[in-house]
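Accompanying notes for the structure given below.
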Amino acid sequence: MRTIARSSGSKSNKKLKRKLAFDAQTFLDSAGLARKVVKFRSSEKIYSQGDAVKGVKYIQTGGVKLTVLNEVGKEAVVAMLGPGDFFGEGCLAGQPVCMATATAIVSTSILFIEKNEMMRVLRAEHAFSDRFISHMLTRNIRIEEDLVDQLFNSSEKRLARTLLLLARYGKEDKPHGVLPKMSQETLAEMVGTTRSRVNFFMNKFRKLGFIKYNGGLQINTSLLSVVLHE
């Protein structure tokens, strides 16, 4: 009976994995959406804070930085996104203007999907709807984790976690490797500390073998030990 139970569970897990492995990119390429693909150069703005919202964006290749600017001109990095991520989805809930500025951090290809088409497809295509809902829930969890990280963890731990997230740690369908070129000023904005502190910890991580510079910044998953260390 135990063997049968394990076998049944294994089959269920395989079905679940197949469901979660739904290829959103292939679907977007073939679903007949009212859409267009636009390529952006590194550091080129995709849209600015306060612009009218025009639809949902899907990152095909490259990476995007979301930043916000307050009344006194202070800028903060609120998210770093990569291939397979959606953004600009606030329009689906009636958000009239962009709450952040989106900037390409490397050469980036973005699929723009009109709001009405996105709404139609979410209602009609259950597999795509499941994929999108999963994305939104994951984004909400990430925001909560970021808040806890900012409130309770040291700047060293926050930097280590940020680097691991940028390296797509824990995402089986996302290859780890060399990160896009990124300044220590940008990392400091993301972590909520000074550039000098970031420089100090980056040198420390390099000496310990957690990171290395090899045509870019390469993250070793052993950096996780910094995050887990009490």
Please indicate, with yes or no, whether at least one residue in region 38-51 is free of Cβ contacts under 8 Å to residues at least 12 places away in the same chain and of a type outside the set (D, E, K, R). no
On the basis of being part of a strand (DSSP E or B), open to solvent by 20 Å² or more (accessible area, probe 1.4 Å) and free of Cβ contacts under 8 Å to residues at least 60 places away in the same chain, does Val72 make the cut? no
For region 114-134, which positions are touching a residue at least 40 places away in the same chain (Cβ under 8 Å) and either of a type in the set (Gly, Ala, Ser) or within 14 Å of Leu92 (Cα to Cα) (or both)? Glu114, Lys115, Asn116, Glu117, Met118, Val121, Ala127, Phe132, Ser134
Conditions (1) of a type outside the set (Val, Ile, Thr); (2) open to solvent by less than 20 Å² (accessible area, probe 1.4 Å); (3) assigned to a strand (DSSP E or B) -> Gly84 fails only (3)
Search region 88-110 for residues that are open to solvent by 30 Å² or more (accessible area, probe 1.4 Å) and pair each with any residue that is among the basic types (Lys, Arg) and in a strand (DSSP E or B) when their beta-carbon atoms are under 9 Å apart and the residues are at least 6 apart or on different chains. Ile105/Lys65; Ser107/Lys39
Tally, over region 55-102, of residues that are within 20 Å of Met190 (Cα to Cα), β-branched (Val, Ile, Thr) and touching a Leu at 6+ places or on another chain (Cβ under 8 Å): 4
Region 31-61, residues that are at pLDDT below 90 and closer than 17 Å to Val78 by Cα: Ser43
Among (1) under 20 Å from the mean Cα position of the chain (by Cα); (2) open to solvent by less than 80 Å² (accessible area, probe 1.4 Å); (3) aliphatic (A, V, I, L, M), there is one condition Met119 misses while meeting the rest; what is its number? (1)
Hey, does region 96-106 have a residue that's modelled with pLDDT of 90 or more, more than 17 Å from the chain's Cα centre (by Cα) and farther than 28 Å from Leu163 by Cα? yes
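The values are calculated or read from the model by the stated rules, or taken from the named source; none is laboratory data. Keep in mind the model is a prediction, meaning the values are calculated, not measured. Using ideal geometry, Cβ is built from the backbone for each residue, glycine included, and neighbour counts are taken over all protein chains shown. Surface areas here come from the heavy atoms of the whole protein model, side chains and all, with no ligands, DNA or RNA. Shrake-Rupley method; radii C 1.70, N 1.55, O 1.52, S 1.80 Å.
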